[in-house]
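The values are calculated or read from the model by the stated rules, or taken from the named source; none is laboratory data. Everything numeric here is computed off the predicted structure, so don't read it as measured data. When we count neighbours, we look across all protein chains shown, and the Cβ atoms used for this are built from the backbone with ideal geometry, even at glycine.
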Amino acid sequence: MTFLGLEEDPQKAKIVFLPAPYDATASYLPGARFGPRRLLEASPYLEFFDEELLCSYKDLPPFLTLPEKELPVAPEEALRTLKEQLAPHLKAGRFPVTLGGEHTVSLAPIDLLRQDYPDLLVVQIDAHADLRATYQGSPLSHACVMRRVREMGAEVVALGVRAISEEEYLYAQEARISLFWAYQLKKELPSVLKTLATFCAQRPVYVTIDLDGFDPAEIPGVGTPEPGGLSWYEGLAILKTVARYQVVGFDVVELLPKDERSAFFAAKLVYKFISYLFCPQRAFPGGA
Ligand SMILES: [Mn+2]
C-alpha cells in the first residue's frame, strides 16, 4: 500500500512515509493503530490536482511508503522499532512523514532528527498540551509526549490547545512553552500566525499534527474529541505559514478511523502540507 496508490521507486524517493500503527497507551478510545492503514487506503481517492497551488504529485519529489510493521506493546520498544525503520532513510536525506498511531510515536522521528538538528523547534497542533510528567503510570504515553520532547531540549510551540491540566499549565510556564489556545486562534489568527512565523524563522522546524487539534465536527475520528477545535482552513493557514520556513519533517497522529471522512481528511491534510512544502509553484493565493 502506497500514499496516493502510486508506483514508487525507492532509489529516487525524497519523501518517506512511515506508518506507525501504535495505540497501546490510548486512554479514552483505542483504535489509532488502524490509522495509518486507513489513511493510506483513502489517499488514492484524493483529487491529485491542487486547485490552490495548481500542482499535483507529479510536481513533487518522489514518495516512498514504508511497509507497516507490527509494533511491540512496550512504548520504548515500539519507538526503537520505528527509529530503526526510519533511520536509514534520514541518512539518505529523505524527508520523513510519520503516520500515526497515537501521539507517542512522534518521539521516534523527533529523537532522530534532533541528532542532525539540535536546535529543532517543534510546532504542535493539538487539543491537548500532552505535557504530563507521567500518565497512567507511564512516562511514554500520548499524554506526556510533548514533555518528553521538551526534555530532549527542543523548543515547543503548541497551537489549538483547549484541554490542559493545572500541572501541565504550570510546567508549560516553567519550561517556557508557547501555548496558543484554540480560542485565541479563533479570535486573532493573523496575529498568532505572525508570532508563529518569528519562531519558525529562527531554527529548523518539525511539525506534529495531532488531528484532535481540529474540530471534531470536521474530523470525528480521533481518540479524544474535544469541542471547539480548528477548522480545516485555520489549520491550513498554520501549515502555510510554517511551510515558508525550514521544515525538516512532520507527522499526522491520532487518527481513529471509525468513519470514512476522518481518514479522507487526514490523507488530504498530509497531501496539502507536502504540497505547501514542496510544490515549486507555491503560489499561496489568498496570502499566507
Ligand atoms: Mn496529542
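Summary table
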| quantity | calculated |
| --- | --- |
| Condition broken by residue 221, with the remaining ones in (1) without any contact (Cβ under 8 Å) to a residue 12 or more places away in the chain; (2) within 16 Å of the ligand (Cβ to nearest atom) satisfied | (1) |
| Residue match in the range 46-57 (condition: hydrophobic (A, V, I, L, M, F, W, C) and within 16 Å of the chain's Cα centre (by Cα)) | no |
| Test: residue in the range 179-198 that is modelled with pLDDT under 95 and of a type in the set (Gly, Ala, Ser) | no |
| Single condition residue 168 does not satisfy, out of (1) closer than 29 Å to residue 30 by Cα; (2) modelled with pLDDT under 95 | (2) |
| Any hit, the range 227-241, residues being surrounded by fewer than 16 Cβ atoms within 10 Å (Cβ to Cβ) and modelled with pLDDT under 95 | no |
| Any chance residue 216 is at pLDDT below 95 and within 16 Å of the ligand (Cβ to nearest atom) | no |
| Hits in the range 250-273 (condition: outside any helix (DSSP H, G or I) and on the phi < 0 side of the Ramachandran plot) | 250, 251, 252, 253, 255, 256, 257, 258, 259 |
| Complete set of residues in the range 105-126 that are under 18 Å from residue 76 (Cβ atoms) and under 14 Å from the mean Cα position of the chain (by Cα) | 105, 106, 107, 108, 109, 110 |
| Of all residues in the range 126-150 being assigned to a loop (DSSP other than H, G, I, E, B) and touching a Phe, Trp or Tyr at 6+ places or on another chain (Cβ under 8 Å), the one that is surrounded by the most Cβ atoms within 10 Å (Cβ to Cβ) | 142 |
| Members of the range 165-224 found to be among the charged types (D, E, K, R) and over 22 Å from residue 251 (Cα atoms), listed by number | 166, 167, 168, 174, 176, 186, 187, 188, 194 |
| Filtered residues of the range 114-148 (kept if more than 11 Å from the ligand (Cβ to nearest atom) and under 20 Å from residue 69 (Cβ atoms)) | 140 |
| Some residue of the range 105-125 being in a loop (DSSP other than H, G, I, E, B), of a type in the set (Asp, Glu) and at pLDDT 95 or above | yes |
| Residue within the range 16-29 that is assigned to a helix (DSSP H, G or I) and of a type outside the set (Val, Ile, Thr) present | no |
